Amino acid sequence: MKITLTPTGATPFVLGDDSVSLVIGTNFSAGAGGQIREGFVNKQKRKVQGVPLFRAAYLLNIARANFENRFAFTVQRSFQTVEACVAFIALHPDSVPASGEITLTSQSATGVVIRYMPAAVVEQVECARHIGLSCDFQYVLAGNGPWQSTP
C-alpha cells in the first residue's frame, strides 16, 4: 500500500510506501516510504441530533448527515545511520503538508486499487517510537468527504 498527500498545486508527499524497506538519503521534502505497520483504521463520525419529546419514553434521534471520515495509521521507517534517523525525526513533522488530497494505492495479485479523498486535513504527526536505526510515525487524518474511485 502507498499513501500520498497532494496539496493543491504542489507535488505529492509520501506518507507511507510498503515497497520501501530502507530509507536512503537525507532530503525528505517529498516525504519518505516506509512499512505501514499498524492501523489504517477508518472511523466515520456522523452528526446526530437528540430531540427530547414531551412525555416520550425515549429520546428521538435524527440523522443530520455531516459525515466525517477519520483514519489513523503507523509507518515504520529504517535508515542507514542513526544520524539520518534522528534528522528525519526532527524535520519530518514540519515538512508534512497540512491538507490535500489523499491517494491510497493498493496492489495485489488481482490488480491495483486506487482510492482518493479529495479534501483531507492532517490532524496529527507523531513519532511514536524510536529505536536505533528505525522510527515509527503515527498519522491521524480527517477527511472532508467520502472516499472516491476517481480524483
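In this view, the solvent-accessible surface of Ser134, computed with a 1.4 Å probe and all protein chains in place, comes to about 20 Å². Solvent-accessible surface (1.4 Å probe) assigned to Glu126 amounts to roughly 80 Å². Distance between the pseudo-spin-label points of Ala109 and Ile89 (7 Å out from Cα toward the beta carbon): 4.0 nm.
Highest mean packing first, where packing is the average number of other Cβ atoms within 10 Å per residue, the peptides 111-124, 75-88, 53-66 line up as 75-88, 111-124, 53-66. Rolling a 1.4 Å probe over the protein heavy atoms gives region 1-102 an accessible area of 61 Å² per residue.
Just add up the charged neighbours of Arg70: K/R +1, D/E -1, any other residue whose Cβ is under 14 Å from the Cβ of Arg70. Numbers along the way, then the final one.
On the way: positive: Lys43, Lys45, Arg46, Lys47; negative: Glu68, Glu123.
Within the 14 Å Cβ shell, the charges total +2.
Measuring with a 1.4 angstrom probe and ignoring ligands and nucleic acids, Thr4 comes out at about 20 Å² accessible. Axis of helix 82-95 versus longest Cα principal axis of the chain: the two differ by about 40°, to the nearest ten degrees.
Share of carbon and sulfur in the accessible area of the chain stands at 54%, probe radius 1.4 Å.
Taking K and R as +1 and D and E as -1, what net charge do the other residues with C-beta under 9 Å from the C-beta of Lys45 add up to? Please list the in-between numbers first.
Numbers: positive: Lys43, Arg46, Lys47, Arg70; negative: Glu68.
Residues close to Lys45 contribute a combined charge of +3.
The value obtained for region 1-149, namely the Cα convex hull volume divided by the number of residues, is 150 Å³ per residue.
Remark: the Trp147-Leu22 segment gains 42.0 nm on full extension, using 0.36 nm per residue and subtracting the alpha carbon distance.
The values are calculated or read from the model by the stated rules, or taken from the named source; none is laboratory data. A quick note: this is a predicted structure, and the numbers were derived from the prediction, not measured. Counting neighbours? That spans all protein chains shown, and the Cβs are built from the backbone with ideal geometry, glycine included. Keep in mind that these areas ignore ligands, DNA and RNA; they rest on the heavy atoms of the full protein, side chains included. Shrake-Rupley method; radii C 1.70, N 1.55, O 1.52, S 1.80 Å.
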